[in-house]
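Trainee: Please find one structure pasted underneath; my questions will follow.
The values are calculated or read from the model by the stated rules, or taken from the named source; none is laboratory data. Computed from a prediction, not measured in an experiment: that's the story for all the values here. We work out accessible area using only protein heavy atoms, side chains counted, and drop any ligands, DNA or RNA first. Shrake-Rupley method; radii C 1.70, N 1.55, O 1.52, S 1.80 Å.
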Amino acid sequence: MEQVLFSLLNGVIYGLLLFMVSAGLTLIFGMMGVLNFAHASFYMLGAYFAYMLQGAIGFWPAVIVSPVLVGLIGVVVERYFLRRVHRYGHAHELLLTFGLSFIIAESIKLFFGNYPVDYRVPAFLDFSAFSIGGTQYPVYRLLMGGIAIVMFVVIYLTLTRTRVGIVVRSAIHKPNMAEALGHNVPLVFMGVFGAGAALAGLAGAVAGAFYTTNPNMALELGVVVFVVVVVGGLGSLVGAMLASLLIGIVTSLAVSVDSSLADLLTLVGAGDWARDMGGLMTLKLSSLAATLPFALMLLILLVRPGGLMGEKG
């Protein structure tokens, strides 16, 4: 029971981390229609900026400053690169951001090397919050989850309860009317893209201290983030949260299950037959954990192409 509870809690925290990264992508794609393949690279930049700054200004100031720097990079990317190709459609945006992701990754390797850096949880936060079955649960995991929840609440209230949110939504859905009312629509788009990049940078600054900060971290998480956005529904913030939690919990629970179909069929007396068959019958569920998010995405696309909280297809 303790193992299930531990895996469930880990899954929730991992899901909240996925939301931290996918929230910016949901904002950018849902509101601007921009396929930003380099979004996970902004996540990586946030981790590396925080690593560089923590020695000079301290951990918390570094966590605050690094997303701002990543957001400024996002503003530059939108203003001087994406804006020039936006009118040509999604293919040009995808190719541009795909190339940008490689440039960022190679730049990281050039300056920091092709190995992990020593960015870790500071000593004053490196203690356990409680224990589950004799296993200590670090307080920093809970802190990451708390930051993700606060991020969700702030973004949701900003978009639905403030004048800024009204202007942003009007610039997306009725750009000509928004311009007629005196709003600078290109500036709004630039701000949204910069904010989305900053959110990814914040996720990297916070999570990079707990997980490994290395040049491959964008590649490791980037594909899963796109799965989250598709499963949750393109442009749906609530959907991104639900999909992140679902994928995080399913993946974490699957990792803890060291059983196969043969073990399950043993209950009905067909275990020996299944083991003789081999192949998929004897494959452990834990070894399939990494593929489950993609299987879930395929299922969602078949049943509800618009995603959990998106429009029905």
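Trainee: Mean Kyte-Doolittle of at least -1.0 plus a Cα span of 18 Å or more along the axis: flag which DSSP H helices in the chain meet both, please.
Mentor: 2-32, 39-57, 59-77, 90-112, 139-161, 185-207, 217-232, 237-255
Trainee: With only alpha-carbon pairs counted, each pair once and no self-pairs, how large is the Kirkwood hydrodynamic radius of the stretch 132-187 in angstroms?
Mentor: Roughly 14.0 Å, rounded to one decimal.
Trainee: Also, quick follow-up: Report the dimensions of the chain along its three principal axes from the alpha-carbon atoms, largest first, rounded to Å.
Mentor: Largest first, the chain extends 73, 50, 39 Å along its Cα principal axes.
Trainee: Given a 1.4 angstrom probe, what's the average accessible area per residue across the stretch 130-175, in square angstrom?
Mentor: I get 57 Å² per residue for this part.
Trainee: While we're here: For the chain, what does the helix formula give at 222 nm: sum of -39500 (n - 2.57) over DSSP H segments with n ≥ 4, over the residue count, nearest 500 deg cm²/dmol?
Mentor: -23000 deg cm²/dmol
Trainee: With every protein chain present, what is the per residue accessible area of the stretch 13-73 (1.4 Å probe, Å²)?
Mentor: Per-residue value: 28 Å².
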